[in-house]
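Report on one structure; see the data block that follows.
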Amino acid sequence: YKIFKILQMKKIFTLLFLSISFLSLSAQWSNTTNQFYDSLHTPVSTALKAQQHPIVVKSYPDSGYFVIWEDFRNDPGAYNANGDIYAQKYDKNGNQLWANNGVPVANDIKNGNQHYYYSSNQDYRNRSYAATDSAGGFYITYADDSVTNYVWERACVQHICNNGSAVFPGVGYIVANSINAKLHVATKL
């Protein structure tokens, strides 16, 4: 009788473990190995020109995800010099919540470059550029080079609300200006 009870308990624990494993697997929709597609092969952005350097941030308290990237769809040149930052939100089931091709986080269409990526040997995805606002939106910090062609960089912040709207217009809220040429103030914050 004791052996039967032990075997029955092992079966129950095994089924419980498998159930928990399958539930957690089904919630993992994001495929970060392919930066602009989710696990259902749904494009995050199909806008013309380059989209690069994606980061993924978990949304709290709704358990969704934000995919944030540098986007060059508005760059008038051919060399991806004037970039913007865009984002897309997905619910916990992987359904897109904001406009097709994402919403602008920071953009200055006339001139400038907003970015959080810097060429280095470091993995930019391990940096804390963005964080949830705990209300279904997020905050992000980044550099803005739109004062004069990569010389007087500014550190900026933007708050994107749960509905995809930006709190600060244009390039975002300017936190600090560099007073020296090519100081890279954004990397020092």
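When Lys and Arg each count +1 and Asp and Glu each count -1, what net charge do the other residues less than 13 Å away from Pro61, Cβ to Cβ, add up to? Please report the intermediate quantities before stating the final value.
Numbers: positive: Lys58, Lys92; negative: Asp62, Asp91, Asp133.
It works out to a net charge of -1.
Between Ile174 and Ala99, what FRET efficiency comes out of the Förster formula 1/(1 + (r/R0)^6) with R0 = 35 Å and r the beta carbon distance, rounded to 0.05?
0.85
Leaving ligands and nucleic acids out of the surface, order Cys156, Cys161 by accessible area at 1.4 Å, largest first.
Working: Cys156 0, Cys161 45 Å².
The ordering from most to least exposed comes out as Cys161, Cys156.
Calculate the spin-label point distance for Ala135 paired with Asp91, positioning each point 7 Å from the Cα along the beta-carbon direction, and give it in nanometres.
Label-label distance for Asp91 and Ala135, simple model: 2.1 nm.
The values are calculated or read from the model by the stated rules, or taken from the named source; none is laboratory data. The structure presented is a predicted model; accordingly, all values stated were derived computationally and were not measured. Reconstructed Cβ throughout: ideal geometry from the backbone, glycine too, with neighbour counts over all protein chains shown. For accessibility, only protein heavy atoms count, side chains too; no ligands or nucleic acids. Shrake-Rupley method; radii C 1.70, N 1.55, O 1.52, S 1.80 Å.
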